[in-house]
Amino acid sequence: MKSNWNYPTTVWAGENRVNDISDACLVSKTKNPLFVTDKDLITLPMTITIIDNLKKIFKDIKIFSNFSGNPLGKNITEGVDLYNINDCDGVIAFGGGSALDVGKGIAFMCGQTRPLWDFEDIGDYWKRADESKISPIIAIPTTAGTGSETGRASVIINEETGVKKIIFHPKFMPTIVILDPVLTVDLPPRITAATGMDALAHNLEAFCAPGFHPMADGIAIEGMRLIKNSLSEAFKNGKNLEARSDMLAAASMGATAFQKGLGAIHSLSHPVNAQFNIHHGLSNAIFMPYVLTFNKKEISGKIISICDYLGLEKSFDSFVKWTMDLREEFNIPHKLSDVIDKEKMDLDRLSKMAFEDPSTGGNPKKLTISDMKTMYQHSISGELF
């Protein structure tokens, strides 16, 4: 089934919609695109077919894939250089969250005169940008997790400081998003699980964030329901297109909802992603029950209010148990120390980085550096609050 909608941007959803890339270029007035994709995807048959089809329209299409799973500032700079040298006028970002973040970063920075870090998500830093110089972006996710295709930011590591930075501008939002479940059917179960837990973290933290934003809350609740119904099925049966479609939608919904805010799951994750190159979805899954129980007093009422809709017993503990059951089903470790040698963790430094992360402000409970260290310690010992 094919479907189009226009919230929060133009979205073309359905099986084999990737074949509509040329139409997306026409609509976005892109005549000389830069194709940005992950290193791991560029040699796959589906990617080769897409590039070959694009070459029939854009004979000299340029391809950029020189970035890692946790992209660096220099990757954006290199991509911008390739973009400008070849007079590109738009970006096709194809791949997982890293490819989408890099593609969006290139489209944003290609005409700016200030350094990337001047646009960190702090106050009104985004107003420093010349938005007339931001190029159109066509985003095509091949994983269902980050939701970067409907996000207004990219997460990039400043290699000089080793800190993950959120670079924000309202026009980071892609011009057109193509959600094609066929592109995700060959994802390994391990990646399906980690990216799915990332989508859950986005919807969950957006819902729990303080403040009045009923639109974000509604989207987040439905996103969690789709995950509850479909993540396990996508993990067990990757060829199930309905489950894959639900997960793509849930990922996009999470990124749409978290304009309301994120919280300590992400604050704790970003430093370990930057320092130890741990998959973001994996670290989010590990931290999830520790942060939930740490925030219990502030969020238990909200969590209980949605249990019926999610088909869970109406209690805070049943919700926490569901998240932990998912981790067990997906063979995701319970402790941070199962994936990182605790002797290599400088908890004082990590805690300071976590406290300074922009996501910290959206946590339901006001946080201190000491709180961050305590949550890291619990995630290492395996003891919930």
Checklist entry - With the stretch 293-385 as the region, which helices (runs of 4 or more DSSP H) entirely inside it contain at least 1 residues that are touching a strand residue (DSSP E or B) at 6+ places or on another chain (Cβ under 9 Å)? => result 347-356
Item to check | Conditions (1) in a helix (DSSP H, G or I); (2) among the polar types (S, T, N, Q); (3) out of contact with any Leu (no Cβ under 8 Å at 6 or more places or on another chain); (4) modelled with pLDDT under 95; number of the one not met by GLN275 | outcome: (3)
Checklist entry - Does the stretch 284-295 include one or more residues that are farther than 20 Å from ASP371 by Cβ, modelled with pLDDT of 95 or more, surrounded by 23 or more Cβ atoms within 10 Å (Cβ to Cβ) and in contact with a helix residue (DSSP H, G or I) (Cβ under 7 Å, 6 or more places away or on another chain)? => result yes
Checklist entry - Which fully enclosed strands (runs of 3 or more DSSP E) of the stretch 2-65 have 2 or more residues being surrounded by fewer than 18 Cβ atoms within 10 Å (Cβ to Cβ)? => result 3-5, 62-64
Checklist entry - Mind checking which residues of the stretch 286-316 are touching a Gly at 6+ places or on another chain (Cβ under 9 Å) and aliphatic (A, V, I, L, M)? => result VAL291
Checklist entry - Which is over 17 Å from PRO33 (Cβ atoms), in contact with a Ser or Thr (Cβ under 8 Å, 6 or more places away or on another chain) and free of Cβ contacts under 8 Å to residues at least 40 places away in the same chain, of ASP124, ASP130? => result ASP130
Item to check | Condition met for ALA199 (of a type in the set (Gly, Ala, Ser), crowded, with 24+ Cβ neighbours inside 10 Å, touching a Lys or Arg at 6+ places or on another chain (Cβ under 9 Å) and closer than 16 Å to ALA234 by Cα) | outcome: no
Checklist entry - Under 6 Å by Cβ, and 6 or more places apart or on different chains, what pairs join a residue from the stretch 161-186 that is among the small types (Gly, Ala, Ser) with one that is not in a loop (DSSP other than H, G, I, E, B)? => result GLY162/ALA274
Checklist outcome for this item: When (1) more than 19 Å from THR9 (Cα to Cα); (2) not in a helix (DSSP H, G or I) are applied to ILE178, the one that fails is (1)
Checklist entry - For the stretch 306-325, which residues satisfy the criterion of being among the hydrophobic types (A, V, I, L, M, F, W, C) and exposed (fewer than 13 other Cβ atoms within 10 Å of the Cβ)? => result none
Next on the checklist: Of everything in the stretch 134-172, what is small (Gly, Ala, Ser), surrounded by 21 or more Cβ atoms within 10 Å (Cβ to Cβ) and more than 16 Å from the chain's Cα centre (by Cα)? Give them in sequence order.
Outcome noted: SER135
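The values are calculated or read from the model by the stated rules, or taken from the named source; none is laboratory data. Everything numeric in this text was worked out from a predicted model, so none of it was measured. Note that we place each Cβ from the backbone using ideal geometry, even for glycine, and neighbour counts take in every protein chain shown.
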